[in-house]
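Here the structure is laid out as structure tokens; the discussion comes afterwards.
The values are calculated or read from the model by the stated rules, or taken from the named source; none is laboratory data. Since the model is a prediction, treat every value here as computed from it, not as a measurement. We place every Cβ from the backbone using ideal geometry, glycine too, and count neighbours over all the protein chains shown.
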């Protein structure tokens with residue numbers, strides 16, 4: 001059974017103004033916006049409300065009623081940004097959170113309250129923390145979004161509707177609790193339907209004929225007959241582990257123990273799912289409402305706790321506990337399939353798998369210096385050898401593939417170097433070449449391989465490449481640029497074989 005929590009901020013903008021300017025605490029002020037050519041009160045401080053100022057009042061009338069009233073102008077889009085920040089803060093309580101404009105937040109809390117000891121302690125914790133942060137809130141929990149929204153705004157303070165009791169909870173509430181449009185509400189008021197209980201049990205054909213399908217849809221959503229779920233602020237992380245502290249944590253030892261515990265839990269979960277993580281985020285939430293996180297990435301799927309601990313360890317020192325840490329969270333937002341045979345490599349004695357050791361080394365370097373510090377050669381779609389490779393990032397990929405049908409040197413010079421060559425006849429391989437003052441007598445040669453530049457990029461002389469081996473067994477990649485008898489050909493050294 002799904003359970004939803006609706007949080008309502010009756011004075012969201014006024015509370016924000018007080019957080020930004022604490023000196024306004026006992027001051028009567030309003031935030032106003034132009035509507036239909038008149039300046040209207042959008043929200044009012046508690047002091048102003050106590051003196052008769054209400055939302056929707058014309059500013060001129062409000063000032064006439066309270067001459068000392070302070071006025072602030074409304075900035076469009078403030079609620080959206082503020083509710084988004086508050087919704088992100090609520091992610092510590094459930095992975096599915098959505099902002100509910102203009103003044104609310106919706107949470108899918110299915111399976112979460114038991115971590116706090118039940119729905120009442122869960123709700124009390126959220127309300128207390130928001131109140132401590134300076135926000136006045138009302139909240140409601142029910143089986144449906146519609147019922148939770150209704151009791152949060154029109155029911156008793158912080159109401160929890162027992163499972164399956166939505167209809168009983170809705171009946172004494174006004175019709176506005178169904179989130180109806182003003183024209184529908186006006187028709188209901190004219191016919192004397194002030195409370196939901198006066199029409200919720202009427203036949204659907206009668207209600208549809210009098211008030212349209214919108215009323216039936218809202219009733220169905222509130223009762224659970226029509227599905228409705230909040231659109232999450234961000235996708236829920238499937239692989240996620242959380243650790244709650246009975247007392248606030250301050251020490252590095254406690255942080256290390258929490259991370260080790262969460263790593264073991266997460267790796268066990270990944271193993272059961274046959275997955276390995278490619279990135280992980282370690283988050284901490286402090287008593288004063290703050291949050292911090294540290295991130296790691298891997299260049300292959302991993303679920304080895306010792307290796308992951310080494311990646312996190314250098315970054316733990318950046319965590320500032322502040323007044324104390326109350327929640328630890330470890331998430332794996334990116335995962336890939338990892339077979340059991342691959343994972344067994346990590347525990348092989350003697351380090352038998354060099355590629356795994358290299359992957360671990362790259363992970364540690366990237367963790368200390370960032371992914372941008374590591375480059376690797378990638379194939380490029382060009383014939384010209386010096387253009388056929390490009391330096392890319394650790395996780396970058398290209399559509400081109402390495403050429404394997406022809407021999408290519410292990411070390412390619414970025415710029416070919418000229419050499420002096422002796423060849424018996426023009427199209428024969430060279431007999432010897434002089435490079436940096438040393439003469440190399442050639443004993444074996446293979447070629448030529450003709451390579452031409454793409455005409456749409458640049459015009460260069462055609463190249464004839466030879467793989468040659470000298471008396472010492474060293475192998476080189478030479479080429480002749482140009483044809484005998486047409487151009488004045490030159491010889492160059494372009495690479496070295498292993």
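Just so you know, in region 41-70 the residues that are under 39 Å from the mean Cα position of the chain (by Cα) and assigned to a strand (DSSP E or B) include one that is surrounded by the fewest Cβ atoms within 10 Å (Cβ to Cβ), and it is 42.
If only one of 148, 177 is over 29 Å from the mean Cα position of the chain (by Cα) and surrounded by 12 or more Cβ atoms within 10 Å (Cβ to Cβ), which one is it?
Exactly one residue qualifies, and that residue is 177.
The C-beta contact set for region 324-352 (first residue surrounded by 10 or more Cβ atoms within 10 Å (Cβ to Cβ), second residue in a helix (DSSP H, G or I) and at pLDDT below 65, distance under 8 angstrom, 6+ apart or interchain) comprises 345/356; 346/356; 351/357.
If you check 245, 267 for being farther than 27 Å from residue 163 by Cα, under 23 Å from the mean Cα position of the chain (by Cα) and in contact (Cβ under 8 Å) with a residue 12 or more places away in the chain, only one passes: 267.
Just one of the numbered conditions (1) closer than 30 Å to residue 336 by Cα; (2) touching a helix residue (DSSP H, G or I) at 6+ places or on another chain (Cβ under 7 Å) is not true of residue 232: (2).
For region 94-105, filtered to residues that are buried (at least 21 other Cβ atoms within 10 Å of the Cβ) and either in contact with a helix residue (DSSP H, G or I) (Cβ under 6 Å, 6 or more places away or on another chain) or not assigned by TED's automatic domain parsing to the domain that holds residue 19 (or both), the residue that is farthest from residue 161 (Cα to Cα) is 99.
The listed residues are 222, 214, and the only one of them that is out of contact with any strand residue (DSSP E or B) (no Cβ under 6 Å at 6 or more places or on another chain) and touching a residue at least 60 places away in the same chain (Cβ under 8 Å) turns out to be 222. Of all the criteria given as (1) assigned to a helix (DSSP H, G or I); (2) within 20 Å of residue 229 (Cβ to Cβ); (3) touching a helix residue (DSSP H, G or I) at 6+ places or on another chain (Cβ under 8 Å), the one not satisfied by residue 79 is (2). Scanning region 198-224 for residues that are farther than 22 Å from residue 164 by Cβ and outside any helix (DSSP H, G or I) turns up 203, 212.
One residue alone among 314, 232, 227 is surrounded by fewer than 16 Cβ atoms within 10 Å (Cβ to Cβ), in the same structural domain as residue 201 (by TED's automatic domain parsing) and either modelled with pLDDT under 90 or not in a strand (DSSP E or B) (or both), and that residue is 227.
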